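To start, the structure under review is shown below, and the notes come after it.
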Amino acid sequence: MSKETLETLNTQILIGNTAHRGTAWHYRAEFQGAEPNHYPGPIPVADVTRRLFAWQAESWPFAIERAADKRTMTHLSRDGTPMRWERVEGRQAIVRSDRSDGSVLGVFTDAYVPHQYADYLLTSLGNILDDSLSISSAGLLRDGAIAWVEISVPESVTTPEGVEFRPNLLATTTLDGSLATTYKRTVTDVVCDNTRNAALLEEGQDLKIRHSRGSRLRLGSAREALSLVHTTAESFAAEVAALCAIEVDHRTWSRFLDAWIPMEDARGERLGTRATRFAEKKREAMAGLYVHDRRVEPWGGTAHAVLQAVNTYEHHVRPVRGPSRPQRNMFRAVTGDFAAVDRTAWRVLQEVRAGA
């Protein structure tokens, strides 16, 4: 079961600019107590610090429990067996300073340096926010092992092709080793609340900082990251225009489906019964989105529609195991998984068109 309960999502995630973007899927007033987690306008930096990041990631010695005799024992196990704690040299455990239960967020070598959320996601960026940018969302996942702050413009933008979107800068880091501290530009499709990578046609649009000694976020790096937000609207609008200008006829779309959802394995052999059934259902769902769905159909016959079909399927149709769909979508956006899907779909489409 996921740790992200409705109570957690209504206290550990903050949503801003709701006057323009509406409430989040997890909005439940009864779980929020005296202080709502939704803000009609921007989220104040001070509120993010107080409500989410008012603790430090601490390094504790890491030890394992071993059997011992009465002379060397430090404690008894539950069944009364003498045991002792033995320090593991070169290892550390990262824990929250506000927890007394010793819950561990991650275990690393001594070379690992935790990036404090308040420093890397707020202080450096907050010092150079301007009037056109504000915090639109922030949150913690996995009991604090993952954190993000999203900076965006308060109102959406509409392209000449009729695509309504909101440019963002997603700043995220973790304390469980799942990813480096990352600053990347993203776009939220206002119609369906999909998250799209904003640099399909460009490279070098992410800034990553490793959790290692000597690495730290400098003001220049933060300014570089924030500059991405100012250029995202223009860049994404140009991307949409370019993708809408690329024609995808029925044959090319069919060949894309064959490449994206193959019915044969790498050896050219037919898939098994279960895999075939899954592939057929996925193809049927993708085809339905492409032809009938309002999030895709208005741009039918273009590369933009192909990417919209893939992205919409991943967000809203793909079968979910474990966490709920909204939770999974949130995590995939934070970790960059959706961006990877976008880039792969774009590459496959290019290959299909080149081989036509």
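Most exposed first by the Cβ proxy, i.e. fewest other Cβ within 10 Å, how do Tyr27, Tyr313, Tyr183, Tyr117 rank? Write out the running numbers ahead of the final one.
Details: Tyr27 17, Tyr313 22, Tyr183 27, Tyr117 30.
Listed from fewest to most nearby Cβ atoms, that is Tyr27, Tyr313, Tyr183, Tyr117.
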**Q.** For peptides 33-42, 135-144, sequence by mean Cβ density within 10 Å, most packed first
**A.** 135-144, 33-42
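Figure the gain on full extension for Thr276 and Ala238 (residue separation times 0.36 nm, minus the Cα-Cα span) and round it to one decimal in nm. Numbers along the way, then the final one.
Working: separation 38, 0.36 × 38 = 13.68 nm, distance 3.82 nm.
Additional length available on full extension: 9.9 nm.
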Q: With a Förster radius of 41 Å, plug the Cβ-Cβ distance of Glu161 and Asp79 into 1/(1 + (r/R0)^6) and report the FRET value to the nearest 0.05.
A: 0.05
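Would you work out the Kirkwood radius for segment 54-145? I mean one over the mean of 1/r across all pairs of different Cα atoms, in Å.
On the way: mean 1/r = 0.0612 Å⁻¹.
Computed over segment 54-145, the radius equals 16.3 Å.
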Q: Can you tell me the relative contact order of the chain? Whole percent, Cα pairs under 8 Å, sequence separation 6 or more.
A: 13 percent
Q. What is the dipole size for the chain, taken about its Cα centre, with +1 at each Lys and Arg Cβ and -1 at each Asp and Glu Cβ, in debye to the nearest 20?
A. 1100 debye
Q. Going by average Cβ neighbours within 10 Å, how do the peptides 67-73, 254-260 rank, with the highest at the top?
A. 254-260, 67-73
Q: Set Lys and Arg Cβ to +1 and Asp and Glu Cβ to -1, take the dipole of segment 1-152 about its Cα centre, and tell me which of Thr8, Ala63, Gly139 lies farthest positive.
A: Ala63
Q: Mind giving me the FRET efficiency for His316 and Arg28? R0 is 25 Å, r the Cβ-Cβ distance, nearest 0.05 is fine.
A: 0.75
(Q) Taking semi-axes √(5λ) of the Cα gyration tensor in Å straight from the coordinates, which label in (1) 40, 28, 20; (2) 50, 29, 15; (3) 34, 21, 18 is the correct one? (A) (1)
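Which of the DSSP-defined H helices in the chain satisfy a minimum axial length of 18 Å, computed from C-alpha atoms, and a minimum mean Kyte-Doolittle hydropathy of 0.5?
Numbers: long enough: 219-244 (37 Å, 0.73); 273-292 (28 Å, -0.73); 337-354 (26 Å, -0.15).
What comes out of the filter, once short or polar helices are dropped, is 219-244.
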Q) Summing -39500 (n - 2.57) over the DSSP H runs of n ≥ 4 in the chain and dividing by its residue number, what mean residue ellipticity at 222 nm do you reach, to the nearest 500 deg cm²/dmol? A) -9500 deg cm²/dmol
Q. Given Ser152, Ala345, Ala245, which one lies farthest toward the positive end of the charge dipole of the chain, if we put +1 on the Cβ of every Lys and Arg and -1 on the Cβ of every Asp and Glu?
A. Ala345
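Can you work out the FRET efficiency for the pair Ala67 and Arg213, with r the C-beta to C-beta distance and R0 = 22 Å, to the nearest 0.05?
On the way: r = 36 Å, r/R0 = 1.62.
E between Ala67 and Arg213, to the nearest 0.05, is 0.05.
Laboratory data are not the source of any read-out in this text; all were calculated from the coordinates shown. Values in this document were obtained by computation on a predicted structure and should not be read as measured data. Neighbour counts run over all protein chains shown; Cβ positions are idealised from the backbone, glycine included.
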